[in-house]
4 protein chains.
Amino acid sequence: MINNIRTDLAVEAKQIYEEKNKEKIPGVDIKEYYEEDLKITEVAILDDIGEKVMGKPKGKYITIDIPEVSNYDSDTLDEISGALAKTLSPLVNLEESMTALVVGLGNWNVTPDALGPKVISKLMVTRHLKQFIPDSIDEGIRPVCAIAPGVLGLTGIETGEIIKSLVDKIKPNLIICIDALASRKMDRVNRTIQIGNTGISPGSGVGNKRMEISEKTLGIPVIAIGVPTVVDAATMANDTIDMVLEQMIKSSSSGSEFYNMLKSINKDEKQIMIREILDPYFGNLMVTPKEVDMIIDCVSKIIANGINIALQPALTLKDINKYIN
Amino acid sequence: MINNIRTDLAVEAKQIYEEKNKEKIPGVDIKEYYEEDLKITEVAILDDIGEKVMGKPKGKYITIDIPEVSNYDSDTLDEISGALAKTLSPLVNLEESMTALVVGLGNWNVTPDALGPKVISKLMVTRHLKQFIPDSIDEGIRPVCAIAPGVLGLTGIETGEIIKSLVDKIKPNLIICIDALASRKMDRVNRTIQIGNTGISPGSGVGNKRMEISEKTLGIPVIAIGVPTVVDAATMANDTIDMVLEQMIKSSSSGSEFYNMLKSINKDEKQIMIREILDPYFGNLMVTPKEVDMIIDCVSKIIANGINIALQPALTLKDINKYIN
Amino acid sequence: MINNIRTDLAVEAKQIYEEKNKEKIPGVDIKEYYEEDLKITEVAILDDIGEKVMGKPKGKYITIDIPEVSNYDSDTLDEISGALAKTLSPLVNLEESMTALVVGLGNWNVTPDALGPKVISKLMVTRHLKQFIPDSIDEGIRPVCAIAPGVLGLTGIETGEIIKSLVDKIKPNLIICIDALASRKMDRVNRTIQIGNTGISPGSGVGNKRMEISEKTLGIPVIAIGVPTVVDAATMANDTIDMVLEQMIKSSSSGSEFYNMLKSINKDEKQIMIREILDPYFGNLMVTPKEVDMIIDCVSKIIANGINIALQPALTLKDINKYIN
Amino acid sequence: MINNIRTDLAVEAKQIYEEKNKEKIPGVDIKEYYEEDLKITEVAILDDIGEKVMGKPKGKYITIDIPEVSNYDSDTLDEISGALAKTLSPLVNLEESMTALVVGLGNWNVTPDALGPKVISKLMVTRHLKQFIPDSIDEGIRPVCAIAPGVLGLTGIETGEIIKSLVDKIKPNLIICIDALASRKMDRVNRTIQIGNTGISPGSGVGNKRMEISEKTLGIPVIAIGVPTVVDAATMANDTIDMVLEQMIKSSSSGSEFYNMLKSINKDEKQIMIREILDPYFGNLMVTPKEVDMIIDCVSKIIANGINIALQPALTLKDINKYIN
């Protein structure tokens, strides 16, 4: 039976479906390959059935698995940025003179939700130079502008409203959104970059967004880059319990009363129970690694540089670094 | 003779004029009084002559002199917030249901320019509650929204463009802008709050702004709150030299060749000289007190609370604090 | 049966014991009362049996339950500081001229472990004034010095070695240690202050300490102030599963095979299973509320002021704040 | 005539002497050369006359002029670290198994004084591994420990006392101190690294130190690494005025009364005047570039890696980075 899987990551949704249903997921096409040492998985949702099963709109979702990263290993950071740029480039698909607006979603006061704003702070921003001192910069440089619009609780304004008003005013040709996601699995946290061409759905991300940010709402293509930076505490508790129960089922002999009882435990009831236990904290708890500050810093560097390279094909990373300098 | 004085503070412009010209400044009305222990100076620029002499548009510029502040003395902080609110209230002049947009100008990466963004982070933001869960909050609470739009170098978008597009979209009835200013005198730094009803002129502030933010450009009243947080290094060098020369003039006997020579030193040449000496650093150097982080934190608290009280006349500071809680 | 309970909080150890063993804990004396609105629990471990059962040395462990706190409510913060000071004062028990050394344990790079270092940054430090400019300060002011020694991974030096060498050199008469703790329950996190007169045991705290810091190792009395700032992810998973299993036991009819099976689930095996599932992350995961930065800031203010008042009985909080100013 | 020059930089003292006295400085040996693109100046103070003239103890003071740096240009950062390591290595001169203690002086709350503590946070710290898990790490790795002792106003304890007590306890064979310095010239700020083998004198640095930290006081060699990160505001005003006066002298005809008067202006009186004008702020004002946070971050990376390479000759920078990882 089809069941609606709540996760921000297409690759996770696919995996959960196949584990539960012991069948290949329908309406979805999967491709896996390697870029240098990095595993890339392309999930293409092809039709309405795929949409329903995956709980995500039709389109491409590309996932890059990255190693544990650190500020000290700049070669590895640059290599991942290169792979990200390679993945982004065909989606960007803009003429040289066209403007890109990069949007860093999330709350800068909550470290694991600050990924988007941090990427913005490391971008090569050029639109004002093209506008005010065009002679001073290379013709091949694309106009890029950037904003971190904050979250509803900080501004009192829907993030989508801010972006929509800016798009109407400055008329960019493409939007790239960066967002911190929640994963169901600890081992994806800060180890996966997802690139999609369907924008951002309401309710996704670490701090739940309320408005869709997509070509449908804004009239221009929207590329979304997401990285899971937290595990939801309730999800983690739930998944752990499932594993414990499974273990118990395995150890009890098939056909016994105990086995049957365990098999018959109602998943929904169990979820409700966990929810009740953790309820006072729901939405406010997060599970993170201790070095979360350092890691978010690294990952934001990777993504900023990946975008910089993809948006400025006329420049090398060295040129870009000098420019930001 | 009229001379154009370059300072963000009306009270400073007036003082410089009167020192140079040994006459009361024309076209300008001055009122001084005390609110508790705090000295308030109201400078009203009345006509075109006043505008020219002061280098500022016609309107009201109210200055509150504040004592040295510290995070530890919350009573004093609250008292100054109260005086600020008292000064702001007649300028706000809105019906209860009207929306205010508070704009924190400046670059959050440069501590003394981060005053505006820091105020935004301490505001009571309510517009989204009025919009999405109106039953959950008191009727008397005014819708307030807030944004820190960053600076041109960070976003590639004119600050004025961002504000204009937001105003067009969400249609507030009033804007309050907060900005970090430069003073000519060290002893005004972080010790003066200026409130004006003429908006923000291009070229003012710590990081120079390029666009006017005013009723003329936005179609709604704009109140500007500014605090000098730095002294420009060139200004400081210049002022110190003036004082040294004056001292030399005083010590030499009137009528002597030396006296005459000193009197004849060309102020413009001297300025050019200083400019040459400091030139490679112009626009990039700042003079600040060592505790600049702590002080900006305190001053932003004062201003945020002053605005909170002025915008929410139905609430006490205690209510506001509980709300922000 | 006695079982060794692993928790930093005496009040939690007691509760766990009594829940498991359905009897009053032996060798331990409990007193509960209110200070204004704050509930205080005094746990006195009286003898060797109490030591064994509680897994903690003989002595006093006083717990203050505090409400949710926020930077904006300075009255509440001051009130809690007052209650903390009242609890600390009889333990301090020093002549006016005697020196106190306050030690802020923990890693300043990991927000929930940074409580100790943050307290140090808000203390009234006076020893150098008494030493170098004694005439400039009040006779009644006690010499206080303070240090945040970092953690082994940052310095390569045992925290205990640093403290021991300082104690030998500057010969204080009392040590007060502040440490971030781990709780088993989310609802104690940042809501409980524990004050003890038995120092710090190896292996406690958020970042495990290796050396004992106590009167036995240092030769002077050691007061420990601890606040749980995280829940260990494994602990949380374990406790949630226990509650789920208990719920299952309750719902199944007593005497049935399923009931018996559930009752017979081996707690140790279950723990091992959880440990295996979460293992790659053990020691590196933490569960915190999203506003962890703001909360740690508040709690450190409360503790710093509680210590300031307790160590400077000749001063009011207002005097202390002016001083720190 | 000899005059005592107050500057932390030997290369600056030499330059000031030679400009004032129009003669080569006596008792001092100067060598200049290039390491890749970086200019290195070695100032050796040879005898008592050199000591007096330079206001610094006999010994070696090596200066590396570095280009403007940025986080984005990791190749340049690594290259400078390499040059620093090359300069440090002959001064380190330790057997492989000998322990080095690295001390980061300065106040972490004042950005330009936080250089030392920031270096500490980026060091490869190994002493605890050699001590507790010797089998887990390479034999060739030297035991290194590190501390940022804070400043007198934060701890109430002399920095020198803390270091002395640690040295007595853990008995290292060498100390490397890092300190933020004040320069007289804006163009040296964050552009010069000075390495000396005579330790730290009282009264030097951004926040004035009171105790000598040297082989004489500690019994082991002390290498000092300093970078000017601020210009003292009074110094800058003074130097600017001198240049203005010089300009005036040049423009007036030699022999005229004005010329003679200018020539006769008493330097001491002038300094006193400036001091009076700026007095209320003395010791509390600093002149810094706006990007001070980013720059201190970069420079601390350079120095940390320079030290890492010099102390671990058995490792490459890549190994070190992986380790810190």
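The values are calculated or read from the model by the stated rules, or taken from the named source; none is laboratory data. Quantities reported herein were computed from a predicted structural model and do not represent experimental measurements. Reconstructed Cβ throughout: ideal geometry from the backbone, glycine too, with neighbour counts over all protein chains shown. Ligands, DNA and RNA are excluded from the accessible area calculation, which covers all protein heavy atoms including side chains. Shrake-Rupley method; radii C 1.70, N 1.55, O 1.52, S 1.80 Å.
In the range C:69-91, the qualifying residues are those that are open to solvent by less than 10 Å² (accessible area, probe 1.4 Å) and in contact with a strand residue (DSSP E or B) (Cβ under 7 Å, 6 or more places away or on another chain), and the one that is nearest to C:I157 (Cα to Cα) is C:L88.
Rundown of residues vs (1) under 17 Å from the mean Cα position of the chain (by Cα); (2) at pLDDT below 90; (3) exposed (fewer than 15 other Cβ atoms within 10 Å of the Cβ), yes/no style:
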{"position": "C:G27", "(1), (2), (3)": "no, no, no"}
{"position": "C:Y33", "(1), (2), (3)": "no, no, yes"}
{"position": "C:V43", "(1), (2), (3)": "yes, no, no"}
{"position": "C:L46", "(1), (2), (3)": "no, no, yes"}
{"position": "C:E51", "(1), (2), (3)": "no, no, no"}
{"position": "C:I62", "(1), (2), (3)": "yes, no, no"}
{"position": "C:P67", "(1), (2), (3)": "yes, no, yes"}
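Scanning the range A:101-118 for residues that are in contact with a Ser or Thr (Cβ under 7 Å, 6 or more places away or on another chain) and in a loop (DSSP other than H, G, I, E, B) yields a total of 1. Within the range B:108-130, residues that are assigned by TED's automatic domain parsing to the domain that holds B:L315 have Cβ atoms under 7 Å from residues that are among the aromatic types (F, W, Y) in these pairs: B:A114/B:W108; B:P117/B:W108; B:M124/B:Y323, counting only partners at least 6 apart in sequence or on another chain. Selection within the range B:14-25: residues that are assigned to a loop (DSSP other than H, G, I, E, B) and open to solvent by 80 Å² or more (accessible area, probe 1.4 Å). The member of this set that is nearest to B:K263 (Cα to Cα) is B:K22. Taking every residue in the range C:308-325 that is part of a loop (DSSP other than H, G, I, E, B) and pairing it with any residue that is modelled with pLDDT of 90 or more, at least 6 positions away or on another chain, the pairs with Cβ-Cβ distances below 7 Å are C:Q312/C:M124; C:Q312/C:I141; C:Q312/C:R142; C:A314/C:I141. When restricted to residues that are in contact with a Pro (Cβ under 8 Å, 6 or more places away or on another chain) and within 12 Å of another protein chain (Cβ to nearest Cβ), the range A:289-311 contains 2. Just one of the listed residues (B:I249, B:I274, B:I241) is open to solvent by less than 50 Å² (accessible area, probe 1.4 Å) and at pLDDT below 70, namely B:I274. Of the helices (runs of 4 or more DSSP H) contained entirely in the range A:119-230, those carrying at least 1 residues that are among the charged types (D, E, K, R), within 13 Å of chain B (Cβ to nearest Cβ) and in contact with a Pro (Cβ under 6 Å, 6 or more places away or on another chain) fall at A:127-132.
Restricting C:E96, C:E68 to residues that are over 24 Å from C:I175 (Cα atoms), in contact (Cβ under 8 Å) with a residue 60 or more places away in the chain and of a type outside the set (A, V, I, L, M, F, W, C) narrows the list to C:E68. Of the residues making up the range A:131-175, those that are touching a residue at least 60 places away in the same chain (Cβ under 8 Å) and not hydrophobic (A, V, I, L, M, F, W, C) are A:D138, A:G140, A:R142, A:K171, A:P172, A:N173.
When residues in the range D:148-166 are screened for being open to solvent by 10 Å² or more (accessible area, probe 1.4 Å) and among the hydrophobic types (A, V, I, L, M, F, W, C), 4 of them pass.
Taking first residues from the range D:35-52 that are closer than 13 Å to D:A83 by Cα and in the same structural domain as D:T192 (by TED's automatic domain parsing) and partners that are assigned to a helix (DSSP H, G or I) and of a type in the set (V, I, T), the Cβ contacts under 6 Å between residues at least 6 apart in sequence or on separate chains come to D:T41/D:V11. Quick one: is C:P202 within 11 Å of the chain's Cα centre (by Cα) and modelled with pLDDT under 95? No: the conditions fail for C:P202. Put simply, of D:I195, D:I170, D:I137 the only residue that is more than 16 Å from C:L166 (Cβ to Cβ), surrounded by fewer than 24 Cβ atoms within 10 Å (Cβ to Cβ) and more than 19 Å from the chain's Cα centre (by Cα) is D:I137.
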